[in-house]
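Heads up: the structure comes next, in structure tokens.
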Amino acid sequence: MVSDQDDVVVISEGLTKRFGDFTAVDNVSFRIRAGEVLGYLGPNGSGKTTTIRMLLGLLLPSAGQSQVLGFDSVDEAEDIRQRVGYMSQKFALYDELTSFENLTFYAGVYGIRDPDELTATINLLGLENIQNERASDLPLGWRQRLALATAIVHKPTILFLDEPTSGVDPGARRDFWDLIYELAESGVTILVTTHYMDEAEYCTRVGFMRRGRLMAVGTPTELKESEVAGAVWRVHCTPLLASLDFLETLPIVRNVSLSGNHLRAITEEKSSAQNLEQALDAAGLRDVHIQETAPTLEDVFLSLAGN
Amino acid sequence: MTDDILIEAKHLWKRFGDKVAVEDVSLQIRAGEVYGLMGPDGAGKSTVIRLLCGAYAQDEGEVFLSGRRLTSEPDNARANLGYLSQRFSLYSDLTVLENLRFFAEVRGISGEDWRQRAQETLEFVDMAEFSNRKAGALSGGMKQKLGLAAAMIHQPEILLLDEPSSGVDPVTRQAFWRLLVRLLQGGVAALLSTPYMDEAMRCNRVGFMSEGRILLEGEPQDLTKYLEGRLLRVRGESIRAIARIAREIPSVESVQPFGDRIHLRIAAGTERQVIKEVQKAVDNAGLHATSIRSASPDLEDVFVDLLEQ
């Protein structure tokens, strides 16, 4: 396996993992270029974590191969692990130790003894005020930051973040993404998994996983253009469920979903709002109001899953 | 009119040691209504739900289900209750149908009645063809649906759902919401907790929880109103550098990063003036903003704003 682009830092070719007769990861291929933030998006159990574990050489693939920074994931796993940072879903923190002690421990694992480097990491993540608190006493948002600190204390060039924002409040999520971008700006390549669609909007490129398969990869804009071919409409009307059932029968409607107090319909072509309005009116549905809206990554997922 | 209130909590308090997990929470949820409880992990959402179903006893306050006081008539109050817990576990070595039989028996559905009820429920959740599959061999989304089926096997008029669609894909969430809307139309009252803002938008009313308290409650469309005209969205190259500059502008109240864009919160009525100020400051710094314009607030903006206060 030779990379055809100098700046490709992760290559996955046909990665597959089977557990018994269950295929957790099914023929997954993608590349990550230096400096990218690649969002790996999918529900629980779709194969995101298994893919990361194979890339890092923590799990042997059933088929396929991968390279990280030019090192083979199976034969040169040690070389990879020295150079990458990994924040697993279950933060690997020592509850009995303080934040500072946790950080010192991880730095030691990577042979870092210089106190200035520790201080730099503490400052970067704003951990100054919690240095002496035990990890078990920290709220989830701070544990998450500390876990990130332990993953970057050795200044890795690639960072693998597995569901880092799961369960933290929206404010902490945004702050965390701010940190991700700060790291990306300083040249770190990032692969981050999430099941929040809105977070995927922040990524340079996004990959959609479902049932072990990588359905599509691209920039958010590319995916919206390629996967949501027609137009997206906000449809207000009553009764809601009858309207939904009716829209599903219309040939011009590719997908229709419930969205808050209204429906969201994706049409095949740039058909006019009038067409939809007339059809709904003719079917006896009331209070019809239709408005075009911009596609989201959730629309992309629903379109991909529907195909 | 209060007789269609199916779920009612009056000034609930719950402490664990010296930690106050639920602080003076009151709720009223009517037939046909779904109420969304939002908030970060540890805010107290699950504790509220466990108090409502009687799994925890409150330190103070009262719970009424279908008008019956939970502490004085627990069996009657809970007869019409379906509860789906966050880490709901099925018997993975039993089939779908056997699982439902178990839950039906727990609910006192007798003899042969359970079979018809189970069949109807499976059809309702669109799983009839999987009746004989072992629960352990179901996908995550189907386990979720089976959990819901088990919670509603006795046709309850109250549903308490603790993060019912956390971590499942949008297709499954769609299917779940369609089921829920049908149940609501049949007069069910539901309370669900969710970490997803877009899911909260689908509820009739939402409550924001933080540190045990409901900070704000109302219809989703109304809750965002106070931020109307007070948000600007800025895009541009070096967006983080632009964010740093924006933080120095006195008329900008707060700056929130969103990946390739930032949101600025401003005072009402200052939009035009602030757009000019931001444009000027960005230009002066030799940076380039590709667009600065007003943005419509969503629940996440409201939530972040509340938590900042």
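The values are calculated or read from the model by the stated rules, or taken from the named source; none is laboratory data. Not measured: the values here are computed from a predicted model. Here the Cβ positions follow ideal geometry from the backbone for every residue, glycine too, while neighbour counts run over all protein chains shown. Side chains are part of the model used for accessible areas, which takes the heavy atoms of the whole protein and leaves out ligands, DNA and RNA. Shrake-Rupley method; radii C 1.70, N 1.55, O 1.52, S 1.80 Å.
A few notes on this one:
- Options B:R205, B:R230; residue that is under 25 Å from the mean Cα position of the chain (by Cα) and open to solvent by 40 Å² or more (accessible area, probe 1.4 Å): B:R205
- Condition met for B:L146 (open to solvent by less than 30 Å² (accessible area, probe 1.4 Å) and either under 29 Å from A:A200 (Cβ atoms) or touching a His at 6+ places or on another chain (Cβ under 7 Å) (or both)): yes
- Within the stretch A:164-173, considering residues that are under 16 Å from the mean Cα position of the chain (by Cα) and surrounded by fewer than 20 Cβ atoms within 10 Å (Cβ to Cβ), the one nearest to the other protein chains (Cβ to nearest Cβ): A:G167
- Residue within the stretch B:149-158 that is part of a loop (DSSP other than H, G, I, E, B), open to solvent by less than 10 Å² (accessible area, probe 1.4 Å) and within 13 Å of another protein chain (Cβ to nearest Cβ) present: no
- A:A120 open to solvent by 20 Å² or more (accessible area, probe 1.4 Å), part of a helix (DSSP H, G or I) and of a type in the set (A, V, I, L, M): yes
- Restricting attention to the stretch A:189-203, the residues that are out of contact with any Gly (no Cβ under 8 Å at 6 or more places or on another chain) and more than 8 Å from every other protein chain (Cβ to nearest Cβ) total 2.
- Residues satisfying the stated conditions in the stretch B:164-184, i.e. farther than 17 Å from B:A150 by Cβ, in contact with a Gly (Cβ under 9 Å, 6 or more places away or on another chain) and either facing chain A (nearest Cβ under 7 Å) or free of Cβ contacts under 8 Å to residues at least 12 places away in the same chain (or both): B:G167, B:D169, B:V171
- Residue match in the stretch A:91-106 (condition: within 21 Å of the chain's Cα centre (by Cα) and on the phi < 0 side of the Ramachandran plot): yes
- Restricting the stretch B:74-98 to residues that are under 23 Å from B:G44 (Cα atoms) and part of a strand (DSSP E or B), the residue that is most open to solvent (accessible area, probe 1.4 Å): B:Y83
- Applying a threshold of 8 Å to beta carbon distances and a minimum spacing of six or more residues, or different chains, the list of pairs starting in the stretch A:176-198 at a residue that is part of a helix (DSSP H, G or I) and ending at one that is among the basic types (K, R) and open to solvent by 30 Å² or more (accessible area, probe 1.4 Å) reads A:F176/A:R145; A:L179/A:R145.
- Among the residues listed as B:S238, B:S254, B:S210, the single one being in contact (Cβ under 8 Å) with a residue 40 or more places away in the chain, more than 10 Å from every other protein chain (Cβ to nearest Cβ) and surrounded by fewer than 21 Cβ atoms within 10 Å (Cβ to Cβ): B:S254
- The stretch B:257-280, residues that are within 14 Å of chain A (Cβ to nearest Cβ) and in contact (Cβ under 8 Å) with a residue 40 or more places away in the chain: B:R265
- When A:Y94, A:Y110, A:Y106 are checked against the criterion of being more than 14 Å from chain B (Cβ to nearest Cβ) and at pLDDT below 90, A:Y110 stands alone in meeting it.
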